[in-house]
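One structure is given here, and the rest of the page talks about it.
The values are calculated or read from the model by the stated rules, or taken from the named source; none is laboratory data. In this text, all values refer to a predicted model and were calculated from it rather than measured experimentally. Cβ sites come from the backbone with ideal geometry, for glycine too, and all protein chains shown count toward neighbours.
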Amino acid sequence: METIDTRQLKPEVQEQIRYQAIRLRKAGRKYKEIEQILGVSHTTVCAWYKTYEREGKQGIRAKKRGRKVGSCRTLSPDQEKQLKKLIQEKCPDQLKLPFALWTRIAVQQLIEQLWAIEMPIRTVGEYLKRWGFTPQKPLRKAYEQNTKAVKKRCRDTLGRRNRALQ
């Protein structure tokens, strides 16, 4: 029988196969027999059983895979907290940066200024995304625009043009 790669299976299924292998081994089956029954190589079954003998059921449980949350980050949690607070409470020009609004480049320069860390622009973007900061498109309309005055001016300007054409 051809062996299967259990790494491709869901963690729950992997765990069930391990438990089944342990039960079969406790029942007196040989590793080669278990290999034939479950379709898993005998060396893997042997490793599972030895882990079970050392650590018990806890040893063969499915564990979370991949990196731990927060590992491999450039900034420490305290630095992240401080930077996030600065972005929320200050403008770049208040921190002696040559920008009017926060951009990835502005944040990148602030990180370099504060901690002498050269961070790629993409990483800065990942941090901002993680913190919930999103890119904003500026509004087409000015905040302090008086719509009545704009309409009046348009009417006056068009009126003068029409009179000049006549």
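Name the single residue that is surrounded by the most Cβ atoms within 10 Å (Cβ to Cβ) among those in the stretch 1-18 being under 9 Å from Gly39 (Cα atoms) and among the hydrophobic types (A, V, I, L, M, F, W, C).
Ile4
So, Thr43, is that one surrounded by 13 or more Cβ atoms within 10 Å (Cβ to Cβ), out of contact with any Pro (no Cβ under 6 Å at 6 or more places or on another chain), of a type in the set (S, T, N, Q) and more than 30 Å from Ile117 (Cβ to Cβ) or not?
no
Report every pair of residues separated by at least 6 positions or lying on different chains whose Cβ atoms are under 9 Å apart, first residue within the stretch 90-105 and more than 20 Å from Trp131 (Cα to Cα), second among the acidic types (Asp, Glu).
Hits for this filter: Phe99/Asp93; Ala100/Asp93.
Which count do you get for residues in the stretch 19-40 that are outside any helix (DSSP H, G or I), out of contact with any Ser or Thr (no Cβ under 7 Å at 6 or more places or on another chain) and surrounded by fewer than 15 Cβ atoms within 10 Å (Cβ to Cβ)?
Final tally of qualifying residues: 3.
Table: residues versus (1) modelled with pLDDT of 90 or more; (2) surrounded by fewer than 14 Cβ atoms within 10 Å (Cβ to Cβ); (3) closer than 30 Å to Lys10 by Cα.
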| residue | (1), (2), (3) |
| --- | --- |
| Tyr49 | yes, no, yes |
| Lys64 | no, yes, yes |
| Asp78 | yes, yes, no |
| Leu110 | yes, no, no |
| Pro120 | yes, yes, no |
| Asp156 | no, yes, no |
| Arg160 | no, yes, no |
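Here are Ile87, Ile117, Ile105: which of them is among the β-branched types (Val, Ile, Thr) and in a loop (DSSP other than H, G, I, E, B)?
Values: Ile87 fails: in a loop (DSSP other than H, G, I, E, B); Ile105 fails: in a loop (DSSP other than H, G, I, E, B).
Going through Ile87, Ile117, Ile105 in turn, just one is among the β-branched types (Val, Ile, Thr) and in a loop (DSSP other than H, G, I, E, B): Ile117.
Contact list please: Cβ distance under 9 Å, first residue in the stretch 134-162 and within 30 Å of Thr103 (Cβ to Cβ), second residue modelled with pLDDT under 65 and aliphatic (A, V, I, L, M), pairs at least six apart or on different chains.
none
Examine the stretch 32-44 for a residue that is among the small types (Gly, Ala, Ser) and either assigned by TED's automatic domain parsing to the domain that holds Pro120 or within 27 Å of the chain's Cα centre (by Cα) (or both), and state whether such a residue exists.
no
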